[in-house]
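Input: a single structure, listed below in structure tokens.
The values are calculated or read from the model by the stated rules, or taken from the named source; none is laboratory data. What you are looking at is a predicted structure, and each value in this text was computed from that prediction instead of being measured. A quick note on method: Cβ atoms are made from the backbone with ideal geometry, for glycine too, and the neighbour counts reach across all protein chains shown.
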Amino acid sequence: MFELLKAKNDIYAPIKGRCFDISECEDKVFSSKMMGDGFYIEPEDNVVLAPCDGKVVGLFPTKHAVMIKMRNNKQIMIHVGLDTVKLQGKGLASNIKIGDRIKKGQPLIEFDMDYIKSQDIKIPIIVIMMEDKSEYAKMKLHEIVTNENVIIRMSV
């Protein structure tokens, strides 16, 4: 499925759905990799789970995006929807806060699927400012993933 690396910092799919390379996203901020590289998932569930162990270092007041610092000090961002900031938190809920230690599989953000669908329900997962792209391997695309599937395997 992907090149196996001696990894200790895997990033798992945060939600069940079909996985696509971020370059295929309609949103130019994500597809241009301006913030970093990664994936987006078209979700089949409405609960975003922690894709790894780490610490919450950012949570937008509108609860549409969370930033996690991993053990290797890399940061990832999970963004619920493409244009959901304008919803001002409607249809989104979270019981985490900045500074929380989280474990893989822990619920992070819950959303009202029907309400959010009107805003284009794609969930980008970005490794923020990855300077060396050789540090990780990505899985095959267009497959259904769950929180048991590694989508990014990091070597450091």
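Can you find even one residue in segment 76-95 that is crowded, with 17+ Cβ neighbours inside 10 Å, within 19 Å of Met154 (Cβ to Cβ) and in contact (Cβ under 8 Å) with a residue 60 or more places away in the chain?
For segment 76-95, residues crowded, with 17+ Cβ neighbours inside 10 Å, within 19 Å of Met154 (Cβ to Cβ) and in contact (Cβ under 8 Å) with a residue 60 or more places away in the chain: present.
Report yes if Tyr40 is in contact with a strand residue (DSSP E or B) (Cβ under 7 Å, 6 or more places away or on another chain), touching a residue at least 12 places away in the same chain (Cβ under 8 Å), of a type in the set (Phe, Trp, Tyr) and on the phi < 0 side of the Ramachandran plot, otherwise no.
Here the answer is yes, as Tyr40 does meet what is asked.
Do we have Asp10 as touching an Asp or Glu at 6+ places or on another chain (Cβ under 8 Å) and surrounded by fewer than 20 Cβ atoms within 10 Å (Cβ to Cβ) here?
no
Under the condition of being modelled with pLDDT under 65 and assigned to a helix (DSSP H, G or I), which residue from segment 112-156 is surrounded by the fewest Cβ atoms within 10 Å (Cβ to Cβ)?
Among those residues, the one meeting the criterion is Ser134.
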